[in-house]
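Undergrad: The structure follows.
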Amino acid sequence: MQPTDTAHPDYFHKVVDCQWACPAHTPVPEYIRLIGQGRYDDAYMINWVSNVFPGILGRTCDRPCEPACRRGRVEEGNGAHPEPVAICRLKRVAADHKSDAIKERMPAIAERNGKRVACVGAGPASLTVARDLAPLGYEVTVFDAEAKAGGFIRSQIPRFRLPESVIDEETGYILDMGVQFRSQERVDSMRALLEQGYDAVFVGSGAPRGRDLKIPGRREIEGNIHIGIDWLASVSFGHITSIAPRVIVLGGGNTAMDCCRSARRLGGTDVKVIVRSGFDEMKASPWEKEDALHEGIPILNFHVPKTFEHDNGQLTGMTFELVRAEYDDQGRRSLVPTGEPNVRVPCDVVLIAVGQENAFPWIEDDLGIAFDRWGLPELTPDTFQSTLPQVFFGGDAAYGPKNIITAVAQGHEAAVSIDRFLHGEDVRQRPAPRTNLVSTKMGIHEWSFDNEVSNDLRFKVPWAKAEVALASIRVEVELGFDAATAFKEASRCLNCDVQTVFNRSTCIECDACVDICPMDCITFTFHGEEDDLRSRLQAPAENLTQALMVSAPLKTERVMVKDEDVCLHCGLCAERCPTGAWDMKKFRLDTTQAGPGCRDAQITRHMPEAA
């Protein structure tokens with residue numbers, strides 16, 4: 001193996017597993033440390049810069065950071081089911097505990113630069129674009145058919161998960177930057193919008209069409225069968241306030257979980273979720289499934305819908321074929337009938353939550369905006385620019401339904417593209433993020449971060465009492481951490497952004513670091529190919545997705561090899577080293593956002609000179 005290039009922006013970034021996994025690359029350990037110090041405003045602003053909606057995402061994020069969290073890998077001996085740091089819920093702590101002074105830290109209305117940008121839809125992607133461009137002087141106008149901003153955040157996520165006051169607050173921060181919000185104004189013609197003289201248009205209209213289920217009996221039944229996302233919107237806006245007792249929810253995603261839990265609160269006494277797949281294969285987040293089960297909602301797996309049953313057009317039930325999963329040599333799944341008799345499930349209402357689709361009937365065919373066979377726009381990779389150069393897409397409108405944090409990340413990237421486009425620069429030129437390493441050394445055995453590893457198991461978020469939570473659809477279920485519990489949960493973070501940095505020129509190969517490392521991460525050995533090295537380490541490094549740090553040859557011709565996968569970032573190697581060959585350095589990554597830092601002059605300034 002060649003010596004590791006730790007100067008590459010991705011190397012230490014990937015070691016910060018949570019930040020690497022986050023689509024918006026939120027600096028998770030940094031804001032968790034600030035929460036542990038009670039600096040909630042600072043923690044909130046770090047989140048706000050990258051993920052825009054800390055209070056919303058602190059309640060609703062899909063949490064791609066948590067499965068990646070190192071804590072869940074290294075805590076094997078501390079409980080039957082090691083769990084990651086409660087990253088998402090700590091984000092909510094920053095939002096819940098921040099002060100009113102946070103408003104003073106939001107960007108002021110900027111002087112106009114003469115460029116006008118229209119955003120179609122007021123969901124997370126469009127609002128992110130507006131948040132990034134408005135402080136630069138762009139005149140940003142956001143159009144939405146609804147009375148308030150938020151898009152599917154407002155219409156699809158039930159109030160028992162996300163109070164409306166939180167949506168109002170965090171969308172308000174963006175609109176207060178001088179963004180023009182044209183509420184209750186549906187855009188029904190892209191041509192008409194372009195004729196209004198906008199220099200760029202961003203389409204963040206989501207995936208607004210829910211899929212129906214075309215099986216026998218569907219055409220004969222006029223009522224009591226609803227598309228899940230439409231039904232949730234009707235509940236959110238108060239058009240539906242009750243439901244019949246027996247409810248079937250079809251689908252295994254997060255929308256289905258929101259439907260069943262909402263139905264339970266609106267009067268459904270016999271609510272079932274029925275899915276084609278196995279429980280583990282459901283697309284819903286694990287905690288969403290757990291929450292539904294916690295509220296007494298059964299999930300029936302491997303049931304394929306066959307018919308809607310009715311009596312003179314009145315829904316009476318559904319029939320399902322029982323199947324099992326079989327896998328071929330390539331791991332591809334097939335659902336095979338078990339041969340058992342079909343199952344009939346009586347019901348009064350069916351909520352269909354089997355997927356969503358994009359719909360762009362308002363974009364005329366002759367404008368030059370190309371779509372693929374799935375109805376999605378053809379976009380230049382990583383730029384979100386369509387085949388009509390001044391039109392950009394993002395969020396669910398770009399690549400289909402994902403989640404809020406992905407929509408935010410795409411909004412950031414689209415804003416960079418729009419900013420470069422309106423400065424006459426190639427949008428395909430993507431500026432690299434800026435990185436920095438700063439020593440945390442404060443003495444021989446002291447660091448500017450708390451490097452003691454907590455043995456605490458993950459703390460549980462308190463819930464409202466069931467009789468209260470299930471009695472109203474507007475009572476928030478999760479109550480959030482108090483300050484004391486937040487401190488203890490924050491202490492579980494391993495500070496993965498504080499990196500172990502090795503200086504080979506001062507190493508005397510005494511192996512003191514090897515002896516003291518609690519995870520057997522460090523090995524001095526003769527170099528070889530990666531497969532060979534991984535098998536010769538103090539502890540075999542079996543996670544191939546995490547890199548090895550390999551030094552250049554030392555005086556004995558051995559190399560230092562460190563397995564980044566299970567390192568605790570405890571700093572014991574640096575404390576023990578008699579020559580200071582190890583140091584603990586805080587890694588900072590600043591993703592490029594719209595503004596002067598994303599443009600050619602700035603890129604050229606940071607390019608290395610030719611040898």
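Undergrad: Which residue is modelled with the lowest pLDDT, if the candidates are limited to the stretch 189-210 and must be hydroxyl-bearing (Ser, Thr, Tyr) and touching a strand residue (DSSP E or B) at 6+ places or on another chain (Cβ under 7 Å)?
TA: SER205
Undergrad: From the set of residues in the stretch 455-481 that are surrounded by 17 or more Cβ atoms within 10 Å (Cβ to Cβ) and small (Gly, Ala, Ser), which is nearest to ARG33 (Cα to Cα)?
TA: Within the stretch 455-481, the match that is nearest to ARG33 (Cα to Cα) is GLY480.
Undergrad: Exactly one condition in (1) open to solvent by 10 Å² or more (accessible area, probe 1.4 Å); (2) of a type in the set (Phe, Trp, Tyr); (3) touching a residue at least 60 places away in the same chain (Cβ under 8 Å) is not met by TRP582; state its number.
TA: (1)
Undergrad: Counting just the residues of the stretch 260-307 that are part of a helix (DSSP H, G or I) and hydrophobic (A, V, I, L, M, F, W, C), which one comes out farthest from PHE320 (Cα to Cα)?
TA: So the residue we want is TRP287.
Undergrad: Checking ASN47 against (1) closer than 30 Å to LYS585 by Cβ; (2) out of contact with any Phe, Trp or Tyr (no Cβ under 7 Å at 6 or more places or on another chain); (3) open to solvent by less than 10 Å² (accessible area, probe 1.4 Å); (4) not aliphatic (A, V, I, L, M), only one condition comes out false. Which one?
TA: All conditions pass for ASN47, except number (2).
Undergrad: So for the stretch 234-249 (the condition being at pLDDT below 95, under 23 Å from GLY395 (Cα atoms), touching a Lys or Arg at 6+ places or on another chain (Cβ under 9 Å) and in a helix (DSSP H, G or I)), does at least one residue qualify?
TA: Among the residues of the stretch 234-249, at least one is at pLDDT below 95, under 23 Å from GLY395 (Cα atoms), touching a Lys or Arg at 6+ places or on another chain (Cβ under 9 Å) and in a helix (DSSP H, G or I), which makes the answer yes.
Undergrad: Something else: If you go through the stretch 325-334 one residue at a time, do you hit one that is modelled with pLDDT of 95 or more and either touching a Phe, Trp or Tyr at 6+ places or on another chain (Cβ under 9 Å) or over 18 Å from ARG246 (Cα atoms) (or both)?
TA: For the stretch 325-334, residues modelled with pLDDT of 95 or more and either touching a Phe, Trp or Tyr at 6+ places or on another chain (Cβ under 9 Å) or over 18 Å from ARG246 (Cα atoms) (or both): absent.
Undergrad: Something else about it: Restricting the search to the stretch 260-300, which residues are open to solvent by 10 Å² or more (accessible area, probe 1.4 Å) and either among the basic types (Lys, Arg) or at positive phi (or both)?
TA: Residues satisfying the conditions are ARG264, ARG265, GLY267, LYS272, ARG276, LYS283, LYS289, GLY296.
Undergrad: For residues that are open to solvent by less than 30 Å² (accessible area, probe 1.4 Å) and either outside any loop (DSSP other than H, G, I, E, B) or at pLDDT below 95 (or both), tally how many sit in the stretch 335-348.
TA: 1
Undergrad: I'm checking my understanding of the structure. Among residues of the stretch 367-387 that are modelled with pLDDT of 95 or more, more than 18 Å from ALA207 (Cα to Cα) and out of contact with any helix residue (DSSP H, G or I) (no Cβ under 9 Å at 6 or more places or on another chain), which one is least open to solvent (accessible area, probe 1.4 Å)?
TA: Here the residue is GLY368.
Undergrad: Sticking with this structure for a sec: What's the total number of residues in the stretch 158-175 that are open to solvent by 20 Å² or more (accessible area, probe 1.4 Å) and either farther than 27 Å from LEU136 by Cα or more than 25 Å from the chain's Cα centre (by Cα) (or both)?
TA: Residues that pass the stated criteria total 4.
Undergrad: Still on this model: Which one is least open to solvent (accessible area, probe 1.4 Å) among residues in the stretch 99-113 that are under 15 Å from GLU170 (Cβ atoms) and assigned to a loop (DSSP other than H, G, I, E, B)?
TA: Among those residues, the one meeting the criterion is MET106.
The values are calculated or read from the model by the stated rules, or taken from the named source; none is laboratory data. This structure is a prediction, so every number in the text was calculated from the model and none was measured. A quick note on method: Cβ atoms are made from the backbone with ideal geometry, for glycine too, and the neighbour counts reach across all protein chains shown. The protein model used for the area step is the full one, side chains on, heavy atoms only, and it has no ligands, DNA or RNA in it. Shrake-Rupley method; radii C 1.70, N 1.55, O 1.52, S 1.80 Å.
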